[in-house]
Amino acid sequence: MLSPGDYNGDGFDDIAVAVSVNASSFNLGNGSYLASNFKNAGVYIIFGKATGWNGTVSLLDDASVRIKGLGITAQVTNAGDVDQDGKSDLLISDAAGAYLFYGRANANWVNTQTVADVDFTSAGAASLEGVFTIDNTTPGSGGLWHVGAGRSSDGLSNHSPLHSLYYGQAETSTSGGNFNTGLRNGGSVTSTSLNLASFATATLTFNYFLKTEGVGNFDEARVEITVNGVTTLLAGNKAGGGGVTLMDQTVTPTGVWTTAAINLTPYVGNQVQIRFTFDTKDATANNFEGWFVDDVKIQGAGLNVNGGVRFTAPAGGNGSFLNVAGTGHFNAGNFNDFAVEYREGTTEKIFIFYGSASLLTGGNIDVKSSASLSYAAGQTSGFRLRGLGDVDNDSFSDLAFASPNDSFIVWGANLSGAGLMTTPALALHLANLPAQDLFIPLGDINKDGKADLGALALERAPALIEDGSLFPIKPALSSWAGLICAMPRDMLVPI
């Protein structure tokens, strides 16, 4: 689906295209794939420019902006200038939600940020910098995690002065100590909730010096990530555990600090926690240096749909978001408005949002929207949502909600609260239309100052063979187009 608009406010229209699959699983060749395997899903924006383009433009390679994290049945539209800042705003939906991205300058579409940068030194003193919390009580009391000045003067590169995170004891400024307490010991260091919701990609890097027993499953060092209560191993020093392998100086004696780089892209679009854990697993052979960790940094880049203003299903709902549309001035005022279609069971709902200088905030769509209209559609499906302009010439922009057998023209108005689409004052109900009816906004084609409306459907007609005579056996479908010039509402009557 494609939608133009000036999303960066430079005076040139841009092109936004949504790319997704329409089912949670699909067959391709000899294999079956999940929608999550479709890595190119996303919204791609190509910025307009004075010179235009020559030859072939690759949507995936040449896009100025890529918004990732898109689910199935995605749609994208120009919401209009919802906040009247001179830039078009981008409205996206997939089955799980609707997402509003306010227009912004080019630099703000890039979205490269450092989420966390911890060198364990603040104002010259040892510090967790408000990012990490130490727990030395698991698997039992007596864990040894702390922040100190160990190895601060070891003369080695790949770590910053003055302090680092350390699992061990009796360290000096030039070397580590040990983790021998006479008992099994261990502990963890866990970050606060870190926001990766807005990114398309993310990376965790840190510097470390690790020396343990190096055999069996003893003295296990791990780096973990927790997302929505589920913890996954990112890195470890034991074979078979999965994730990136941490270099142990006993196994590979490089004598230098190592930089670990871990891809967090599978976890973007979420709030996450990072955790460093150490567990001796026994009480013997613990006279090794332990684990130093320094310069922990998480960086994100690109955009994720969850980084927009996100609207989710009503509380307790498990329906799907299906369509989005810019509506123009649906209500009184100078701000552009937009609409979102949501289907719960066999009931269709249109949620309408009014533009404002105050930026919208995300949440449950029934709470955050300005008004809603519902329709018990039964088994009817395949509705399309589209702004029409001011068809009935009452200074409010109208909205089409059309399906193969059941369609509405929703009249623009100062609506609030919840209403029914079958209420004549709110919408014109057009039932039993032939085949796929589609209303098309035509603009003011007869220059009378009013928006005009087209309708495209299919009708059954005899087919012709090449000599112009009728083919007598099988009827064919041919297109039919109708034209409705704008007129007062009472002249538009149900079919």
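The accessible area of Asp366, taken with all protein chains in place and a 1.4 Å probe, comes to roughly 80 Å².
Charges were assigned to the Cβ only: +1 to each Lys and Arg, -1 to each Asp and Glu. The resulting dipole of the chain about its Cα centre is roughly 740 debye.
Partner lysines whose Cα lies under 18 Å from the Cα of Lys349, excluding those fewer than 8 positions away in the same chain, are identified as Lys368. Only aspartates and glutamates eight or more places from Lys450 in sequence, or on another chain, were considered; those with a Cα closer than 14 Å are Asp390, Asp392, Asp394, Asp398. Modelled label positions at Tyr33 and Asp61, each set 7 Å beyond Cα in the direction of Cβ, lie 1.9 nm from each other. Computed from the Kirkwood radius of its Cα pairs, the Stokes-Einstein diffusion coefficient for the stretch 67-193 at 25 °C and 0.890 mPa s stands at 129 µm²/s.
If you take all other residues with their beta carbon under 9 Å from the beta carbon of Ala200, and give Lys and Arg +1 and Asp and Glu -1, the sum is +2. Would you mind calculating the relative contact order of the stretch 335-390 from Cα pairs under 8 angstrom and at least 6 residues apart, reporting the percent as a whole number? Once normalised by length, the contact order is 33 percent. The H on the amide N of Asn323, modeled in the peptide plane, is under 5 Å from the matching H of Glu341, each at least 5 residues off or on a different chain. Solvent-accessible area assigned to carbon and sulfur over the stretch 177-278 amounts to 52 percent, based on a 1.4 Å probe. Restricting the calculation to alpha carbons of the stretch 311-355 gives Rg and Dmax of 11.9, 36 angstrom. A Stokes-Einstein calculation at 25 °C with viscosity 0.890 mPa s, built on the Kirkwood radius of the chain over Cα pairs, returns a diffusion coefficient of 92 µm²/s. Site pair Ser395 and Thr254 shows an inter-label distance of 7.1 nm when each label is modelled 7 Å from Cα along Cα→Cβ. Within the same chain, lysines fewer than 8 places from Lys87 are excluded, and of the rest, those with a Cα less than 16 Å from its Cα are Lys49. Phe120 sits among other residues whose Cβ lies under 14 Å from its own Cβ, and their net charge, with Lys and Arg +1 and Asp and Glu -1, is -4.
Entry note: the stretch 114-251 has Rg to Rh equal to 0.95, where both radii use alpha-carbon atoms and Rh is the Kirkwood radius. Just so you know, the Rg over Rh for the stretch 8-137 is 1.13, from Cα atoms, with Rh as the Kirkwood radius. For the stretch 80-222, the solvent-accessible area with a 1.4 angstrom probe is 39 square angstrom per residue. Ranking Val296, Val268, Gly186 by Cα position along the charge dipole of the stretch 178-296, where only Lys, Arg, Asp and Glu carry charges on their C-beta atoms, puts Val268 farthest toward the positive end. Ranking Gly80, Thr137, Ala95 by how far each Cα lies toward the positive end of the dipole of the stretch 75-140 (charges on Cβ) leaves Gly80 at the top. With the helix formula -39500 (n - 2.57) applied to DSSP H stretches of n ≥ 4, the chain reaches a computed 222 nm mean residue ellipticity of -500 deg cm²/dmol. Each label point was placed 7 Å from the Cα along the Cα-to-Cβ direction; for Ala301 and Asn54 their separation is 2.9 nm.
The values are calculated or read from the model by the stated rules, or taken from the named source; none is laboratory data. None of these values were measured; they are calculated from a predicted model. Here the Cβ is made from the backbone with ideal geometry for all residues, glycine too, and neighbour counts use every protein chain on show. Ligands, DNA and RNA are stripped out before the accessible areas are found, and what is left, the full protein with its side chains, is counted by its heavy atoms. Shrake-Rupley method; radii C 1.70, N 1.55, O 1.52, S 1.80 Å.
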